[in-house]
1. Scanning the range 38-56 for residues that are part of a loop (DSSP other than H, G, I, E, B) and not small (Gly, Ala, Ser), which turns out farthest from Leu117 (Cα to Cα)?
2. Quick one: count up the residues across the range 68-98 that are free of Cβ contacts under 8 Å to residues at least 12 places away in the same chain, of a type outside the set (Ser, Thr, Tyr) and closer than 15 Å to Pro37 by Cα.
3. Could you tell me which residue of the range 192-241 is farthest from Pro152 (Cα to Cα), considering only residues that are of a type in the set (Lys, Arg) and out of contact with any strand residue (DSSP E or B) (no Cβ under 9 Å at 6 or more places or on another chain)?
4. Please state which one of Arg142, Arg125, Arg135 is over 22 Å from Ser70 (Cα atoms) and either modelled with pLDDT of 95 or more or touching a Phe, Trp or Tyr at 6+ places or on another chain (Cβ under 7 Å) (or both).
5. Do you know which residues across the range 170-201 are β-branched (Val, Ile, Thr), farther than 17 Å from Arg143 by Cα and not in a loop (DSSP other than H, G, I, E, B)?
6. For the subset of the range 144-190 comprising residues that are small (Gly, Ala, Ser) and closer than 20 Å to Leu6 by Cβ, which member is surrounded by the fewest Cβ atoms within 10 Å (Cβ to Cβ)?
7. I'm trying to understand the selection: among the residues of the range 1-37, which are part of a loop (DSSP other than H, G, I, E, B) and either among the basic types (Lys, Arg) or at pLDDT 95 or above (or both)?
8. Which of the following residues is over 24 Å from Phe56 (Cβ atoms), aliphatic (A, V, I, L, M) and touching a residue at least 12 places away in the same chain (Cβ under 8 Å): Ala207, Ala132, Ala232, Ala183?
Amino acid sequence: MGEPGLLKIGTCGFPLRRGEYFQRFSVVEVQQTFYQPPPLKTAKRWREEAPAGLEFTLKAWQLITHEPSSPTYRRLKQPIPPGQADHYGSFRPTDEVLEAWVRTEEIAHALGARIVLFQTPASFRPTQANQAHLRSFLGKIRRKDYLLVWEPRGGWPEQEIEDLCRELDLIHGVDPFQGRQLAGFIRYFRLHGKGDYRYRYTDPDLAWLKDQVDYSILTYLMFNNLSMAEDAERLKRLIHG
């Protein structure tokens, strides 16, 4: 199930039945928490079902990061109350956003997860207001011992990403085929497919990825494309071979 040294290979979500997944991989990034966090008892059951060596990471609830205009909000079980759309998303300093963190953290605790990912959409641009919201949010939440990963989109300059991550003790999450990691004492790479979610990584792609890994640093390689399970297995075979 494990990989050499400090390398962990897994997928974003469960592309296989959980029992089968747990036999094949050492880590999984839970996606359900982004759309609609599951009941606490469900998260506890997943932890009980998984072997002791299986690590959970998770994606923070979209109510923290995404505006209600995002199409991902369609999967919310309870719609946003009329007239309150400006209370959600973009790390706004509101009770609703802070409560969404509390719910996210409850699931993280139940899963025994130590890594929480904040993926911000392209609409979360490098404005002064957004930077202020990010600082305010991280100053108010109970971070405990969680490692917080930020995967920004929206044309953020590299220097601003690096400066914010260092100031706020964030790990920069990135697709290594799209950019380089700018901050963080661990590596957290998310592989979205080269240009398209349906992209299947080629053998040369995986060979290049293998060569990028520093085996002295804790590194997560999380596949998030349509053929994620197959591509992750291929990379594992390449490294073991």
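1. Start the filter on the range 38-56 by keeping residues that are part of a loop (DSSP other than H, G, I, E, B), which leaves 38-39, 50-54.
Still in the running and not small (Gly, Ala, Ser): 38-39, 51, 54.
Working: Pro38: 17, Pro39: 19, Pro51: 22, Leu54: 18 Å.
Only one residue tops the list, namely Pro51.
2. Looking only at the range 68-98, we keep the residues that are free of Cβ contacts under 8 Å to residues at least 12 places away in the same chain, and these are 71, 73-74, 78-79, 81-83, 86-87, 94-95.
Retained after the next criterion (residues that are of a type outside the set (Ser, Thr, Tyr)): 71, 74, 78-79, 81-83, 86-87, 95.
Among the residues that remain, those that are also closer than 15 Å to Pro37 by Cα are: 74, 78-79.
Residues in the range 68-98 being free of Cβ contacts under 8 Å to residues at least 12 places away in the same chain, of a type outside the set (Ser, Thr, Tyr) and closer than 15 Å to Pro37 by Cα: 3 in total.
3. In this case the residue turns out to be Arg237.
4. That would be Arg135, the only listed residue that is over 22 Å from Ser70 (Cα atoms) and either modelled with pLDDT of 95 or more or touching a Phe, Trp or Tyr at 6+ places or on another chain (Cβ under 7 Å) (or both).
5. Across the range 170-201, the qualifying residue is only Val174.
6. In the first step, residues of the range 144-190 are kept if they are small (Gly, Ala, Ser); the result is 154-155, 173, 179, 183-184.
Imposing the further condition that a residue be closer than 20 Å to Leu6 by Cβ reduces the set to 173, 183-184.
Details: Gly173: 23, Ala183: 17, Gly184: 22.
Applying the filter and picking the extreme gives Ala183.
7. Selection gives Gly13, Phe14, Pro15, Leu16, Arg17, Phe25, Gln31, Gln36, Pro37.
8. Numbers: Ala132 fails: touching a residue at least 12 places away in the same chain (Cβ under 8 Å); Ala232 fails: over 24 Å from Phe56 (Cβ atoms); Ala183 fails: over 24 Å from Phe56 (Cβ atoms).
That would be Ala207, the only listed residue that is over 24 Å from Phe56 (Cβ atoms), aliphatic (A, V, I, L, M) and touching a residue at least 12 places away in the same chain (Cβ under 8 Å).
The values are calculated or read from the model by the stated rules, or taken from the named source; none is laboratory data. Small disclaimer: the values here were computed from a predicted structure and weren't measured. Positions of Cβ are backbone-derived with ideal geometry, glycine not excepted, and every protein chain shown enters the neighbour counts.
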